[in-house]
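The values are calculated or read from the model by the stated rules, or taken from the named source; none is laboratory data. A quick note: this is a predicted structure, and the numbers were derived from the prediction, not measured. Cβ atoms come from the backbone with ideal geometry, glycine included; neighbour counts cover every protein chain shown. Please note that ligands, DNA and RNA were not included when accessible areas were found on the heavy atoms of the full protein model with its side chains. Shrake-Rupley method; radii C 1.70, N 1.55, O 1.52, S 1.80 Å.
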Amino acid sequence: MRGIRAFVGSAALWALLAARVAAAIEPVTVAVAIGAMSYLSYLSYSGAFCRFSECCHEERTLNASALKLDLEAKLFGQHLATEVILKAVTGFKNNKNPKKALTLSLHGWAGTGKNFVSQIVAENLHPKGLKSNFVHLFDQLQKWIRGNVSECGTSVFIFDEMDKLHPGIIDAIKPFLDYYEQVDGISYRKAVFIFLSNAGGDLITQTALDFWRAGRKREEIQLKDLESVLSVGVFNNKHSGLWHSGLIDKKLIDYFIPFLPLEYKHVKMCVRAEMRARGDAVNEDIVTRVADEMTFFPKEEKIYSDKGCKTVQSRLGFY
């Protein structure tokens, strides 16, 4: 309701001033103005306004079961991401007085689910998801963040293609992620920041490949096997968008979340999901044909899809 009450209060004040000016002219105008003022106040405090326009409900609780179901049903081959994101977001939302904004850095090759996960998180925090007025894609850093958080303290900010961002730019938002109670009179402690990057994909793939060659299941890979290597690798990568960033140096990123490269079986799962999303019956022959069209690496083993599930939708259109 923040922003709405300010608007209503301002509108009510103007209505009252207009009423006083009009009093000398026509008594009926006074009644109309006061009626308008009363109605606006009613909308503000009864919540009726929110039936017609999206409001920021900072007190809204997270349905952790729904988030868990979404992640498990829609995200394939990413046991680590599912586990860490569920833990991070649930813990953050259950904390009524967080000391800083939640900051997640998602890493992995294209098509492994980073964008999809940010959409799932957004939808579980704000029902309209990416269409919400309180979920924002990268634009003009400081001014953009400050303006949006002042409207909704639980705003979600998604920074896509971090690896294409010039080194040093992202540090402009450091004050908003730090342990300050307020910055210029605004608290950012309940906001969520999500960084998406292809940087570190090679490190993640190498770890997954090492497990595969050792005869171990990918599900055995734990966050501790990758997180420190990933944070150091991204910090020292000039093309990561986080090269020598104070966000890493000052430990302001809460989780570095690896997205594993997808295998043949995961690509088939993506094809089936896309068929269902289109309202089509799952045809296993088509599922196999689409999966077989994808290219896989390394050259010898051909284990991982080089585009993840990114081209599944377009390829399925041919059948």
So for the pair residue 301, residue 314, with labels modelled 7 Å out along Cα→Cβ, what separation do we get in nm?
2.8 nm
Excluding residues on the same chain fewer than 8 positions from residue 93, give the aspartates and glutamates whose Cα lies under 13 Å from its Cα.
58, 59
Please give the FRET efficiency for residue 174 paired with residue 289, using the beta carbon to beta carbon distance and R0 = 45 Å, rounded to the nearest 0.05.
0.35
Extreme residue, positive dipole direction of the stretch 126-185, given options 154, 180, 132 (C-beta unit charges)
132
Quick check on the stretch 122-192: take the gyration tensor over C-alpha atoms, sort the square-rooted eigenvalues as a ≥ b ≥ c, and tell me if it's rounded (a/c under 1.5), prolate or oblate.
oblate
Checking the cross-link filter: which aspartates and glutamates have an alpha carbon closer than 13 Å to that of residue 68, excluding same-chain neighbours under 8 positions apart?
83, 123
Specify the inter-centroid distance of the stretch 62-121 and the stretch 189-216, based on alpha-carbon positions, in whole Å.
14 Å
Hey, which of these cross-link pairs are over 32 Å Cα-Cα: 128/174; 250/302; 128/310; 190/307; 96/164; 96/265?
250/302; 190/307; 96/164; 96/265
With a Cα-only, solvent-free Debye model of the stretch 189-319, what are the log10 I(q)/I(0) values at q = 0.14, 0.17 Å⁻¹?
-0.77, -0.98
The stretch 85-137: Cα Rg divided by the 2.2 N^0.38 Å rule of thumb:
1.21
Could you list, bin by bin from short to long, the percent of Cα-Cα pairs of the stretch 60-199 in 10 Å steps?
11, 44, 36, 8, 0
Simple spin-label estimate for residue 209/residue 65, 7 Å along Cα→Cβ, in nm, reads 4.3 nm
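Tell me the relative contact order for the stretch 185-291 as a rounded percent, counting alpha carbon contacts under 8 Å between residues six or more apart.
That works out to 23 percent.
Excluding ligands, DNA and RNA, what is the solvent-accessible area per residue of the stretch 176-319 at a probe of 1.4 Å, expressed in Å²?
Here the residues of the stretch 176-319 average 52 Å² of exposed surface.
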Would you kindly state how much longer the chain becomes between residue 202 and residue 128 on full extension, computed as 0.36 nm times their sequence separation minus their alpha carbon distance, in nm to one decimal?
23.2 nm
Quick one: the Cα spread of the stretch 256-311 along its three principal axes, in angstroms, biggest first?
33, 30, 15
Given charges of +1 on the Cβ of Lys and Arg and -1 on the Cβ of Asp and Glu, with all other atoms neutral, how large is the dipole of the stretch 210-319 about its Cα centre, in debye to the nearest 20?
140 debye
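Using the alpha carbons of the stretch 154-239, what is the convex hull volume per residue in cubic angstrom, as a whole number?
121 Å³
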Under the 7 Å Cα-to-Cβ spin-label approximation, residue 219 and residue 184 lie apart by a distance in nanometres of 4.9 nm
